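The values are calculated or read from the model by the stated rules, or taken from the named source; none is laboratory data. For clarity, every value in this text was computed on a predicted model and none was experimentally measured. Ideal geometry is used to build each Cβ from the backbone, glycine not excepted, and the neighbour counts take in all protein chains shown. In case anyone asks, the SASA skips ligands and DNA or RNA and just uses the protein heavy atoms, side chains included. Shrake-Rupley method; radii C 1.70, N 1.55, O 1.52, S 1.80 Å.
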Amino acid sequence: MSSFNGIGVSPGVVVGEVHRIRHTVVDHEVPGTPRQVLDALEAVAADLERRAIAADIEVAREVLQAQAMIAQDPALVEAIGARLTDDITYPDVRPAIRDAFSGFRAALESLGGYFAERVHDLDEIADRTIAELSGEKSGPVILSAPSVIVADDLTPADTAALDMRYCLALVVAKGGPTSHTAIVARGLGIPAVVGCNDAEQLESGDVVMVDGRHGLVERNPDEATVLHHKTREDALRARAAAVTGPGRLSDSTPVNLLANAGSVSDAVSAANAGAEGIGLFRTELLFLSRETEPSVDEQVALYTDVFTAMAGHKVVVRTLDAGSDKPVPFLNTVPEENPALGVRGWRLTRNGTGVMRRQLQALAQAATDTHTDLWVMAPMIDTPAEAADFAAQAREFGIRHVGVMIETPAAALLADKVLAEVDFGSLGTNDLTQYVMAADRLDARLSDLTDSWHPAVLRAISLAATNATTLARPLGVCGEAAADPHLAAVLVGLGVTSLSMAPVALAEVRGFLATVDRATCIEVSQIALAASSAEEAKAMVSAVLES
Amino acid sequence: MPSQVVTVASSVGLHARPASLLVKAAASSGLSCTIGRVGDKAVNAASMLMVLALGVKFGEELEITVADGENADSVLGTLADIVGTNHDEDNPHA
């Protein structure tokens, strides 16, 4: 028995035989005439069209249709014609094909963001065209029996070629929680593990168990292991389904369960998932990819839609958190050596552009128009002076509940003074973890350090929570940490009063919290604080909570 | 040659669904259609790669031109509608 860890992106436990998918990369010369190259492109386009029609999922269908259009693109045909000018058989057409794509590839890459994501499509079309010419194209994957699909990476064309009725689970070496594989798996409700580096050791015919909630793949699992994982999964599902209504511990201690949202449609899913409000509304979407600042009226319109979707509930809005991994073109104009430590969040008020004031004005107006219980907080606050500055500006616009994100070590260390300036705090555990551990949370090589279970992070949270309790300030958590049921119990034990998470995670956390009392939460929080690593904290807390 | 200036309404810009719709409509019109920033170089609107490479963002103004021909005005109307409509309200990248 050997186990491989990855990121669980779609829950469920299954056991099955591995079907390994490998991509064809042609590593020898491929001769051809210009006509043959164009015919190959046409064949690739036709194949992608066919796969698009057969695709079960709308996002996959759209990506495949877009790829088919690229393969038939007049500009691409022209670029190939300019490189293969003579009507002869060229000894190797691969360089001409790659070169024809390279100009478009570079243009899209330099645009960044959504546009740069298309680069993979271009590479895939080039690979497929070359494979088509060399006669080595990978045929449709034929699954004769239900199988666990294992691959280095799965492209939309790959998943579209799979007969999903026979697909028990997906395991890929690459990718993250928002990868195509993750979206497809969740859409179909089949277990999936991504970012599983060691998956390449698995071969067709191996028998594996996949636990898509816990991100675990076990080769040759014994019966006891399978039973343990299946029982745990069944219990988690039953628990999630059993409890509804506001969040409570088993002794009726209330824990506000809120949802994170970034758009009007997120707010609608939050309301549908029974959230007691929005604990983090991210306002970046309206600003990202803009050359100029959205007007106050435009902002009022968006905030009004969000507040209306959550009518009658509390809504916590974070002011624009631009900078670092979310640059806004008209604000983040100076290149920074170290953007995560640069002028981001509330620090942008140093530029004196008044963007935050206009945002506060728009928020206040939308809240008045819709009679919303509006709470507003500023991101990236370090000092009591910054907290006081934000509070004064927000109160000037009549905002009743003003707060700060506690996401830097400085804010946690000075929580007694920072929280004294405002009405509430919210722990941004994603950034707090990266800053406490001094480890980039986007760097997969450091994932062992960027775990919010780390006792160093929990001690920072504990310090903030103790001070919040003394000052009688509500303190929430908005970050991935809140969505982990065991960690949620630890956070409540530390003194956190509300948890905000993706709407999809609410039912499980609500169900779990209903099984523990306050004394147990305090007990496990002390155990976690005393641990010396994230793994140890997780294991020791789990031993108590699942006993 | 009829032409019209339109503001991009989709929040991801001229990308993904809006770009696909535009390119498809331009390619099936049978007329030569171009698109570009006002006063800037225009590209073939039937080329997905050229349209994507413009890197057009939400709120930008674009000029669409359709070559003279039968239905040129209605083709122009269709293309302008596509660019001027928000096609990604359920944007998953939120």
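General observations
- Of residues in the stretch A:209-236 being among the polar types (S, T, N, Q) and outside any loop (DSSP other than H, G, I, E, B), the one surrounded by the fewest Cβ atoms within 10 Å (Cβ to Cβ): A:231
- For the stretch A:179-189, the set of residues classified as open to solvent by less than 20 Å² (accessible area, probe 1.4 Å) and among the β-branched types (Val, Ile, Thr) consists of A:181, A:184, listed by residue number.
- The stretch A:294-310, subset open to solvent by less than 50 Å² (accessible area, probe 1.4 Å) and closer than 19 Å to residue A:357 by Cα, residue nearest to the other protein chains (Cβ to nearest Cβ): A:294
- Complete set of residues in the stretch A:311-338 that are without any contact (Cβ under 8 Å) to a residue 12 or more places away in the chain and open to solvent by less than 10 Å² (accessible area, probe 1.4 Å): none
- Tally, over the stretch A:66-96, of residues that are closer than 12 Å to residue A:38 by Cβ, within 14 Å of chain B (Cβ to nearest Cβ) and hydrophobic (A, V, I, L, M, F, W, C): 5
- Applying the set (1) in contact with a Leu (Cβ under 7 Å, 6 or more places away or on another chain); (2) closer than 23 Å to residue B:46 by Cα to residue A:93 leaves exactly one unmet item: (2).
- For the stretch A:1-53, taking the residues that are touching a helix residue (DSSP H, G or I) at 6+ places or on another chain (Cβ under 6 Å), modelled with pLDDT under 90 and surrounded by fewer than 20 Cβ atoms within 10 Å (Cβ to Cβ), the one that is farthest from residue A:84 (Cα to Cα) is identified as A:49.
- Out of A:393, A:434, sole residue that is in a helix (DSSP H, G or I) and closer than 23 Å to residue A:363 by Cα: A:393
- Of the listed requirements (1) modelled with pLDDT of 80 or more; (2) open to solvent by less than 10 Å² (accessible area, probe 1.4 Å), residue A:206 misses just one: (2).
- Residue selected from the stretch A:500-545 under the condition of a type in the set (Lys, Arg) and surrounded by fewer than 22 Cβ atoms within 10 Å (Cβ to Cβ), by the criterion modelled with the lowest pLDDT: A:538
- Odd one out for residue A:35 among (1) away from every other protein chain (no Cβ under 14 Å); (2) within 28 Å of the chain's Cα centre (by Cα): (2)
- Some residue of the stretch A:436-454 being more than 21 Å from the chain's Cα centre (by Cα), open to solvent by 50 Å² or more (accessible area, probe 1.4 Å) and over 20 Å from residue A:422 (Cβ atoms): no
- Test: residue A:429 is hydroxyl-bearing (Ser, Thr, Tyr), closer than 25 Å to residue A:276 by Cβ and open to solvent by less than 10 Å² (accessible area, probe 1.4 Å): yes
- Residues of the stretch B:19-59 that are buried (at least 23 other Cβ atoms within 10 Å of the Cβ) and more than 11 Å from every other protein chain (Cβ to nearest Cβ): B:33, B:35.
- Residue within the stretch B:61-79 that is open to solvent by less than 60 Å² (accessible area, probe 1.4 Å), within 14 Å of chain A (Cβ to nearest Cβ) and more than 11 Å from the chain's Cα centre (by Cα) present: no
- Hey, residue A:251 within 11 Å of another protein chain (Cβ to nearest Cβ), charged (D, E, K, R) and farther than 30 Å from residue A:16 by Cα or not: no
- Helices (runs of 4 or more DSSP H) (entirely within the stretch A:65-165) containing at least 2 residues that are of a type in the set (Gly, Ala, Ser) and open to solvent by less than 40 Å² (accessible area, probe 1.4 Å): A:74-83, A:94-111, A:119-134, A:156-161
- Restricting the stretch A:254-280 to residues that are among the hydrophobic types (A, V, I, L, M, F, W, C) and within 11 Å of chain B (Cβ to nearest Cβ), the residue that is surrounded by the most Cβ atoms within 10 Å (Cβ to Cβ): A:261
- The set of residues in the stretch A:403-419 that are without any contact (Cβ under 8 Å) to a residue 40 or more places away in the chain and among the charged types (D, E, K, R) comprises A:407, A:417.
Yes/no per residue for (1) in contact with a strand residue (DSSP E or B) (Cβ under 7 Å, 6 or more places away or on another chain); (2) part of a helix (DSSP H, G or I); (3) in contact (Cβ under 8 Å) with a residue 60 or more places away in the chain:
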| site | (1), (2), (3) |
| --- | --- |
| A:377 | yes, no, yes |
| A:386 | no, yes, no |
| A:389 | no, yes, no |
| A:425 | yes, no, no |
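- Here residue A:176 meets each of (1) at negative phi; (2) at pLDDT 85 or above; (3) open to solvent by less than 50 Å² (accessible area, probe 1.4 Å); (4) not in a helix (DSSP H, G or I) with one exception, condition (2).
- In the stretch A:408-423, the residues that are open to solvent by less than 30 Å² (accessible area, probe 1.4 Å) and outside any loop (DSSP other than H, G, I, E, B): A:411, A:412, A:415, A:418, A:419
- Residues that are within 19 Å of residue A:244 (Cα to Cα) and within 27 Å of the chain's Cα centre (by Cα) occur at least once in the stretch A:514-530.
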